[in-house]
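Below is one structure, written out as structure tokens, with a few remarks after it.
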Amino acid sequence: MSKQPEVDADRLLASVADFATIGATPAGGVNRQALSLEDRAARRLLAERALARGFTVFQDDIANLFIRREGRATALPPLLIGSHLDSQPTGGRFDGALGTLSAFEVLEALADAGIETERAVEVVAFTNEEGSRYSPGCMGSMAFAGVGTTSDWASTLATDGAQLADELATTLAALPEAVVRPIGHAISAFVELHIEQGPILEQEDVPIGVVTAVQGTKWLEVVFSGVAAHAGTTPLEFRKDPMSAAAAAIASLQSSVMPADPEARLTVGRIAAEPGSINVIPRSVTFTVDIRHPDAATLAAIDQQVREECTAVGARWNCDVTISQRVDMTPGRFSPSMTETIEEACNALGLKSRQMVSGAFHDALFVSRLAPTAMIFVPCRNGISHNEAEFVTDTHMISGARVLLKVVESLAIIGQTV
Ligand code: HGY
Ligand code: MN
Ligand code: MN
């Protein structure tokens with residue numbers, strides 16, 4: 001006889017704490033980069049917990065990890081919930097992990113209550129959402145949505161030099177209990193719980209964000225090339241110094257793009273000089289540009305502005321410039337029927353919610369191309385994320401998981417479908 005499923009708060013909090021130890025950093029964050037030893041350890045822990053509960057575990061050829069709890073109609077496309085387990089190098093212990101572990105808690109709550117769902121419910125941990133060790137981000141969800149293929153990225157080198165194909169093979173082999181199945185199976189809908197990674201919910205004291213859309217993202221890599229020369233003997237007029245060009249270009253972009261448009265985001269997160277010797281004028285300087293905007297045309301215009309500015313600065317400093325695009329994520333909107341379902345769940349639980357657009361990209365952006373999709377946000381302290389100080393209160397974690405469970409009940413319990 002089934003009873004009302006409930007989130008087991010202590011179990012969820014303990015689970016988040018357990019996974020926070022995998023790749024834990026001294027400052028209280030995690031370093032669990034995609035397809036790393038730490039990523040494999042987290043995958044193993046989740047898979048072992050799933051198998052212990054009698055769920056089935058499988059993965060696809062880009063190592064997206066799936067945990068399946070069977071439903072009554074086994075032929076129906078499953079409801080998919082989840083997020084990612086990989087992190088930034090100095091990431092927080094909630095980004096991705098909270099959504100994945102809350103989804104697993106939902107499966108356990110359904111099992112504890114003896115609920116038979118109409119369709120299977122699957123938890124997914126998508127591969128390489130962050131895109132830090134291997135660019136682009138969202139590789140797993142892009143491959144799942146047919147936007148890219150594993151072979152497109154197989155030869156990609158990590159920031160630490162490891163080739164993706166090798167790390168992928170090692171990751172797949174490290175979890176033989178997760179049978180590899182063809183990529184991109186049909187799903188009925190996808191719901192991703194995630195921390196907001198911004199300050200709005202906390203500032204407004206609203207416990208749940210109902211995400212209606214995700215803004216667009218472009219990643220560019222800019223390389224200025226000059227002539228390596230001696231730092232002590234080379235007068236200004238003889239220099240072709242790519243560091244001067246890079247500094248001028250970055251300063252110009254940072255003083256023009258965001259001040260001109262409060263919705264625009266431009267970030268130079270990584271810069272490197274070759275040969276990188278203290279007393280050598282560099283041969284080349286490479287830096288990344290992360291551009292974001294909710295409007296696709298404006299995003300394209302900023303992209304063009306970056307290219308034109310870097311080209312003009314290269315000419316002024318007598319340096320060659322090459323600009324390559326590493327990521328192009330067009331803005332995406334989620335399904336109104338799904339956001340309504342999340343709002344209904346919040347109302348049923350007596351939780352305040354507010355609609356919002358995500359400033360961060362997420363796996364849900366790509367999965368939304370396949371099936372009705374939406375996201376649930378919970379607040380994080382001071383809106384800080386991609387930082388070891390990232391923090392979410394127990395209350396907000398539990399509320400988020402309860403909303404996710406309520407949404408799953410309405411989407412997968414017998415008699416109610418999207
Ligand atoms: O960069 C992003 O928006 C995501 O958090 N990885
Ligand atoms: Mn994330
Ligand atoms: Mn992230």
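The values are calculated or read from the model by the stated rules, or taken from the named source; none is laboratory data. Small disclaimer: the values here were computed from a predicted structure and weren't measured. Neighbour counts run over all protein chains shown; Cβ positions are idealised from the backbone, glycine included. Side chains are part of the model used for accessible areas, which takes the heavy atoms of the whole protein and leaves out ligands, DNA and RNA. Shrake-Rupley method; radii C 1.70, N 1.55, O 1.52, S 1.80 Å.
Tabulated data for the structure shown
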item	result
Hydrodynamic radius by Kirkwood, which averages 1/r over all alpha carbon pairs of the chain, in angstrom	22.4
Residue-normalised accessible area of region 69-118, given per residue in Å² at a 1.4 Å probe	24
Ranking by accessible area, most exposed first, for HIS185, HIS194 with a 1.4 Å probe	HIS185, HIS194
Relative contact order computed over region 216-329 (Cα-Cα under 8 Å; 6+ residues apart), in percent	46
Cα centroid separation, region 162-189 to region 317-392 (Å)	24
Heavy-atom accessible surface of region 261-418: percent carbon and sulfur, 1.4 Å	49
Whole-number D in µm²/s for region 216-329 (Stokes-Einstein; Kirkwood sum over Cα pairs; 20 °C, 1.002 mPa s)	148
Cα-based helix-to-principal-axis angle, 336-349 vs the chain, degrees rounded to 10	60
Relative contact order for region 12-143, counting Cα pairs under 8 Å that sit 6 or more residues apart, in percent	30
Förster-model FRET efficiency, 30 Å R0, ASP261 and GLU6, C-beta, rounded to 0.05	0.10
Accessible-area value, THR159, 1.4 Å probe, nucleic acids and ligands omitted, Å²	90
Taking the chain and dividing mean pair separation by its residue count, relative contact order in percent (alpha carbons under 8 Å, at least six apart)	23
Cα long-axis angle, helix 97-112 against the chain (0 to 90 degrees, to the nearest 10)	10
Cα gyration tensor category, rounded, prolate or oblate, for region 266-418 with a/c compared to 1.5	prolate
Simple spin-label estimate for GLU48 and GLN304 in nanometres, 7 Å along Cα-Cβ	5.5
Peptides 140-151, 64-75 ordered by average Cβ neighbours within 10 Å, highest first	140-151, 64-75
Distance between modelled label sites at GLU221 and HIS185, nm, 7 Å Cα→Cβ extension	3.5
Segment GLN203-ALA296, extension gain: residue separation times 0.36 nm, minus the distance between their alpha carbons	30.7 nm
Burial order of peptide ranges 36-44, 260-268, 119-127 (average beta-carbon count within 10 Å, highest first)	119-127, 36-44, 260-268
Simple spin-label estimate for GLU116 and THR90 in nanometres, 7 Å along Cα-Cβ	5.4
